[in-house]
Amino acid sequence: MRENPLILIVEDEPRVSRYLRSSLQMSGYDALVAPDGVKALELVQENRPDLVLLDLRLPRMSGLEVLENIRRSNDVPVIVLTANDAEEDKVKALMLGADDYITKPFGARELQARIVAVLRRYRPAEPAAPRATVYENKDLRIDYAARQVTINRKAVHLTPTEYRLLVTMAENTNRVLTHDYLLAHVWGAEYADDVHILRATIWRLRQKVESDPTN
Ligand code: CA
């Protein structure tokens with residue numbers, strides 16, 4: 001990651017994007033703005049941001065379509081901005097690969113907390129055995145140093161959130177993990193009640209790592 005993480009703001013309302021940009025810059029981030037989805041996809045390719053803040057209500061291409069497009073080739077963390085009455089969009093966004101969401105209206109402090117929590121997942125997960133560099137169980141292999149996951153020697157691309165969840169579950173295969181434990185361990189203590197985010201991420205991870213996700 002760069003010294004100042006680069007955040008791409010995807011928002012069509014200039015008033016909102018200006019507010020976001022200045023509050024991010026005050027917190028020590030670099031920020032770029034895309035006013036629509038087409039521009040957003042271009043900037044993701046060209047600038048490789050460290051995080052994307054994605055409004056779901058956009059002209060030309062909806063935020064969900066933008067997210068779907070990003071996820072075809074990119075594991076950059078994405079936080080979606082949703083309206084208060086859009087519960088369904090929130091769940092869809094999580095299932096499409098969003099790492100987190102914030103409900104509008106929100107304050108600078110809440111935004112900052114969510115960004116810190118998501119970027120924190122980039123940190124390498126500590127392996128259960130201190131000197132272990134690789135985890136192997138049946139078809140699954142996790143290389144901690146390279147942050148690389150393979151199933152049957154085929155690479156699986158995971159977002160930082162999915163990666164942390166997989167590592168936590170893999171290292172505790174013989175224990176029953178509660179929702180609370182997983183949320184606190186993978187997302188952070190402030191997410192303790194967020195069962196939506198846990199269910200959607202587990203579902204997504206299963207699509208990626210299990211040969212038969214219904215099992
Ligand atoms: Ca908007």
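Observations, loosely collected:
- The calculated pair-distance distribution of the stretch 1-92 uses every alpha carbon pair, bins of 5 angstrom beginning at 0, and gives 3, 14, 27, 26, 18, 9, 2, 0 percent.
- Candidate cross-link partners of Lys104 among the lysines, defined by an alpha-carbon separation under 30 Å and a same-chain spacing of 8 or more, comprise Lys39, Lys90, Lys92.
- Eligible aspartates and glutamates near Lys154 by straight Cα distance, threshold 15 Å, same-chain separation 8 or greater: Glu136, Asp139, Asp143, Glu210
- Overall size of the stretch 134-210 from C-alpha positions, given as principal axis extents largest first: 36, 22, 22 Å.
- Ala192 sits among other residues whose Cβ lies under 15 Å from its own Cβ, and their net charge, with Lys and Arg +1 and Asp and Glu -1, is -3.
- Per residue, the average separation of C-alpha pairs within less than 8 Å and at least 6 apart gives the stretch 1-73 a relative contact order of 37 percent.
- Relative packing of 9-20, 147-158, 190-201, 87-98, which averages over residues the other C-beta atoms within 10 Å, highest first: 87-98, 9-20, 190-201, 147-158
- Computed from the alpha carbon atoms alone, the convex hull of the chain holds 132 Å³ per residue.
We did not get these values from a lab; they are worked out from the coordinates using the rules stated. Only a predicted model underlies this, so the values are computations on that prediction, with no experimental measurement involved. Neighbour counts run over all protein chains shown; Cβ positions are idealised from the backbone, glycine included.
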